[in-house]
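Dropping a structure here in structure tokens format, bear with me for questions.
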Amino acid sequence: MIMKRQFLAAAAVTCAGLVAGCAHAQGNDPRDPMEPFNRSVDAFNRSIDEAALQPVARAYERALPSPVRTGVSNFFANLGDAWSAANSVLQLKPVNAAHNGMRFAMNTLLGLGGTLDIATDAGIERHKEDFGTTLAHWGVPAGPYLVLPLLGPSTLRDMASMPVDFAGHPLAQVTPMATRNAIGAAGIVDLRARLLPLDAVAEQSLDRYMFMRDVYLQHRQAQVNRGPDEAGELAIEGQAHEEANP
């Protein structure tokens, strides 16, 4: 859980993040009043990631061919569509709710349980939402930036939304608990594998902590303002891969 689901598109502003790291290097960022504490938690998270999660993600990437990994990613994205539909309703966005609901139904029933993304091929747009973006929609401010143990970058608002996101996500309904935990662990490994191209980009910044903070906050604000779909996020991820592998 070191990397949250919302961080998938953080490389949208890769170059801007590198510059931002320089810009903030000489002073405190008002968005991050707990920076010393956050840095210590970030260091702890990195140690866990480098010792355990990153090697597992690399092994996963080597062991499974790309089409299989794509199917796994599609499966978890499809589960997210169901929760996005619910949050679109809470935000009074009926069109987005219909799109997300149709995506979930179509991909689940006709796409082999969501492993095939036939809804995108059919032109049905994804609108990613969670309870954090729902709170933002109704005027709840983001609050200070936080780095959570094992969970990674967040804000006060998004931290407060986590229990609702967990309870409302379809995975929370899976029983028994051992099965739910196994599926969740697979999702974490798949997400970490997709984030591997970002590692080299982050390491090139003058201050990795500032880089990760700036791109996370910029991405999260963009998600609140525009609601980028999964296709856009994957395109951004590809751009980050090109930056990391010139």
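Can you work out ³J(HN,Hα) from phi for every residue in segment 107-114, in order, using Karplus 6.51 cos²θ - 1.76 cosθ + 1.60 and θ = phi - 60°, giving whole Hz and x for Gly and Pro?
Once rounded to whole Hz, the list reads 5, 5, 7, 10, x, 6, x, x.
Given H placed on each backbone N at 1.01 Å, which residues far from LEU148 in sequence or on other chains put an amide H within less than 5 Å of it?
Placed amide hydrogens put SER154 under 5 Å from LEU148.
In nm, to one decimal, how far is the LEU206 label point from the ARG39 one, both placed 7 Å along Cα→Cβ?
Placing both labels 7 Å beyond Cα along the Cβ direction yields 1.5 nm.
Related question: Between ARG46 and ARG62, what is the label-to-label distance in nm when each label sits 7 Å out along the Cα-to-Cβ direction?
Between ARG46 and ARG62, the label points sit 2.4 nm apart.
Computed FRET efficiency, Cβ-Cβ of ALA185 and GLU125, R0 35 Å: what is it to the nearest 0.05?
For R0 = 35 Å, the calculated efficiency reads 0.70.
Taken together, the values in this text are just the output of simple stated rules run on the coordinates, not laboratory data. Keep in mind it's a predicted model, so treat the numbers as computed, not measured. For neighbour counting, all protein chains shown are included, and Cβ atoms are generated from backbone atoms with ideal geometry for every residue, glycine included.
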